[in-house]
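Written below as structure tokens is the structure these notes are about.
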Amino acid sequence: MPLAPLPPLAGDPDPGGADCVDCGRCCHHGPQTVSLHDADERRMGEATMKRLTIIEPRGPGFRFMKNDGDRCGALDLSEPGKYPCAVYDVRPEGCRIVEAGSPCCLEARALGHLGYSVEFTRRSPATPRS
């Protein structure tokens, strides 16, 4: 299913993540984007796992967060224009590593959805961009 991106966001995000709920671009992505590992499964618990994850039917049977169309199924869309995570405290490690202002974050803001950058942490000011 093609992504229906949110509009791009201009400017830099708050480095502490204070505007992440207003953005939500990194939570808009295709199916089978956020995989889970053993530690994620233990942290999330059985009820959350049943409700919000799927197991790939083909071997080796990886587990992923469910999608609701073009976005993560764990997004709470009860308030228009806000994108809080319904399982923030127990979210998978793949979500935990995305830092506000990282190349992954900046690309998602520019595209309106998660892109292909795999740089999840911010670069130090001395690190040149490639």
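Values computed for the structure shown
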quantity	calculated
Placed amide H near LEU75: partners under 5 Å, 5+ positions off or other chain	ALA86
Net charge of Cβ neighbours under 15 Å - reference ASP68; Lys, Arg +1; Asp, Glu -1	+1
For THR53, residues with placed amide H under 5 Å, excluding near neighbours	LYS66
Least to most buried among TYR116, TYR83 (fewest other Cβ within 10 Å first)	TYR116, TYR83
Under 5 Å, built H, 5+ apart or other chain: amide partners of PHE62	GLU56
Peptides 40-48, 103-111 ordered by average Cβ neighbours within 10 Å, highest first	103-111, 40-48
Relative contact order of region 1-89, defined on C-alpha pairs under 8 angstrom at six or more residues apart (%)	32 percent
Peptide ranges 10-16, 52-58 listed from the most packed, as the mean C-beta count within 10 angstrom indicates	52-58, 10-16
Local electrostatic count at ALA100 - Lys and Arg +1, Asp and Glu -1, tallied over other residues with Cβ under 12 Å	-2
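Where a number appears in this text, it was derived from the coordinates with a stated rule and is not lab data. This one's a predicted model, so the numbers in the text were calculated from it and none came from an experiment. Note that we place each Cβ from the backbone using ideal geometry, even for glycine, and neighbour counts take in every protein chain shown.
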